[in-house]
Amino acid sequence: MPTTTTVDGLKSLVGTTLNPSDWFEITQDRIATFADATDDHQWIHVDPERASTESPFRRTIAHGYLTLSLLSVMFAQVLDVQGTSLAVNYGLNKVRFPAPVPAGSKVRLNAEIISAEDISGGVQIVVAATVECSATDKPVCVAEPLYRYHR
């Protein structure tokens with residue numbers, strides 16, 4: 001269940017850990033589609049047969065940027081900001097991929113709002129985002145995305 005607020009209510013959520021997102025399955029088809037969209041066809045992502053024998057992970061893994069690209073859809077599940085005329089991903093302060101995401105696993109987002117500040121026409125928030133994976137105890141993505149919500 002997402003946390004629901006308004007643009008003006010965002011500042012009151014600083015320090016709040018939001019409920020986690022749903023789990024998202026990382027299928028080989030999803031990985032292949034991402035490879036096609038980005039022209040990144042490195043074998044460790046798209047060749048299950050080769051990965052089973054040559055990869056240290058013994059199967060294909062998702063692109064780090066695939067995991068990162070899912071932040072938007074996962075974040076929409078954890079925070080619902082009502083009354084916005086426009087919401088945009090403003091950027092990232094930092095991103096790390098501490099562990100791989102194996103094909104066939106699932107990922108979900110855990111997020112905490114760590115700051116909120118007024119901008120022209122709205123509020124910008126910074127989020128401590130941690131993506132966990134069903135296949136490992138380590139996080140698979142740790143990032144600080146910035147989102148801007150306009151009234």
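Pairs only if they're at least six apart or on different chains, beta carbon under 8 angstrom, first in the stretch 129-140 and closer than 12 Å to Leu70 by Cβ and modelled with pLDDT of 95 or more, second outside any strand (DSSP E or B) and among the aromatic types (Phe, Trp, Tyr); list them, first residue then second.
Ala129/Phe75; Val140/Phe97
Looking only at the stretch 40-83, filter to residues that are open to solvent by less than 70 Å² (accessible area, probe 1.4 Å), touching a Phe, Trp or Tyr at 6+ places or on another chain (Cβ under 6 Å) and assigned to a helix (DSSP H, G or I); which one of those is nearest to Thr27 (Cα to Cα)?
That would be Leu66.
Among (1) buried (at least 18 other Cβ atoms within 10 Å of the Cβ); (2) under 25 Å from Asp137 (Cβ atoms), where does Pro98 come up short?
The failed condition is (1).
Filter the stretch 114-151 for residues that are within 14 Å of Asp8 (Cβ to Cβ), in contact with a helix residue (DSSP H, G or I) (Cβ under 8 Å, 6 or more places away or on another chain) and β-branched (Val, Ile, Thr) and give the result.
Val123, Ile125
Quick check, is Thr6 open to solvent by 50 Å² or more (accessible area, probe 1.4 Å), farther than 24 Å from Gly64 by Cα and of a type in the set (S, T, N, Q)? Outline the logic, then answer.
Details: open to solvent by 50 Å² or more (accessible area, probe 1.4 Å): yes; farther than 24 Å from Gly64 by Cα: yes; of a type in the set (S, T, N, Q): yes.
Judged against the criteria, Thr6 is a match.
The values are calculated or read from the model by the stated rules, or taken from the named source; none is laboratory data. Everything numeric here is computed off the predicted structure, so don't read it as measured data. For neighbour counting, all protein chains shown are included, and Cβ atoms are generated from backbone atoms with ideal geometry for every residue, glycine included. Surface accessibility is based on the protein's heavy atoms, side chains included, excluding ligands, DNA and RNA. Shrake-Rupley method; radii C 1.70, N 1.55, O 1.52, S 1.80 Å.
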